[in-house]
Amino acid sequence: MSHHLVEVNELRYTYPDGTQALAGVDFRITHGEAVAIVGANGAGKSTLLQHLNGYLWPSSGQVRVGDYALTKQNLQDARRSVGMVFQDPDDQLFMPTVREDVAFGPLNLGLSEEDALQRVTTALRQVGALHLQDRPPHRLSSGEKRAVAIATVLAMSPDVLVLDEPSTGLDPKSRRQLIDWLAGYRHTKIIASHDLDLVLDLCQRTIVLSAGKVLADGPTREVFQDQKLLEQSRLERPLRLQGCPVCSLASS
């Protein structure tokens with residue numbers, strides 16, 4: 001079995017206040033896939049992602065990463081395999097400089113300072129942010145923070161990259177740079193996003209969540225062409241698939 005595999009079986013999660021966020025989610029993602037998780041607010045997207053490397057633990061059901069079920073005993077191994085980029089980069093950036101932030105994970109893996117700094121250089125160069133290494137994170141723009149947050153995960157050399165709403169707060173240029181970079185990233189990607197045009201650019205497969213359940217799982221274009229499904233899940237077609245309203249008026 002590939003160590004890049006992520007699988008969830010009958011995953012259920014209820015918050016302490018009694019809110020059921022996941023109600024029996026099943027899917028299997030294999031090496032090299034780029035998969036989107038979409039749905040309206042409250043569908044369970046972020047809750048689901050936080051189960052993939054043990055930030056939350058299921059009420060019932062199971063998460064598998066590669067050859068093993070995720071448990072508290074193998075949590076560190078799972079987090080090395082599945083790298084999570086949170087919706088808010090400030091949740092991941094807490095050191096005085098960018099270099100120290102990106103080095104934090106490798107140093108905690110037990111790497112030497114020399115090896116950790118080599119990973120810092122490689123990760124920052126991958127996301128086009130090497131020039132930021134001496135800057136304090138709180139002085140960065142939203143796009144720069146996003147790039148550095150991704151670098152902190154890449155420095156851990158994960159097999160699977162998980163991103164929660166990666167385009168939130170980005171200006172158009174930063175968003176396009178992010179899409180171009182992610183398009184070139186060849187490992188497994190799992191992306192939760194309201195930005196369905198970004199999903200259309202990056203993900204060949206889309207899983208639709210609604211009320212904590214999988215409503216659909218299939219090729220992205222087929223999912224986004226299913227108007228009944230989109231209405232049921234409170235989504236709209238990506239702008240690119242909606243057609244030109246001016247042209248539609250001209251032809252009517």
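Things to note:
- Only one entry in ALA103, ALA43 is surrounded by 16 or more Cβ atoms within 10 Å (Cβ to Cβ), among the small types (Gly, Ala, Ser) and more than 28 Å from ASP195 (Cα to Cα), namely ALA103.
- Every pair of residues 6+ apart whose Cβ atoms lie under 9 Å, when the first sits in region 60-71 and is surrounded by fewer than 20 Cβ atoms within 10 Å (Cβ to Cβ) while the second is in a strand (DSSP E or B) and among the hydroxyl-bearing types (Ser, Thr, Tyr): SER60/TYR13; GLY61/TYR13
Where a number appears in this text, it was derived from the coordinates with a stated rule and is not lab data. Note that the structure is a prediction, hence the values are computed from the model and not measured. All Cβ positions, even for glycine, are placed from backbone atoms using ideal geometry, and neighbour counts span all protein chains on display.
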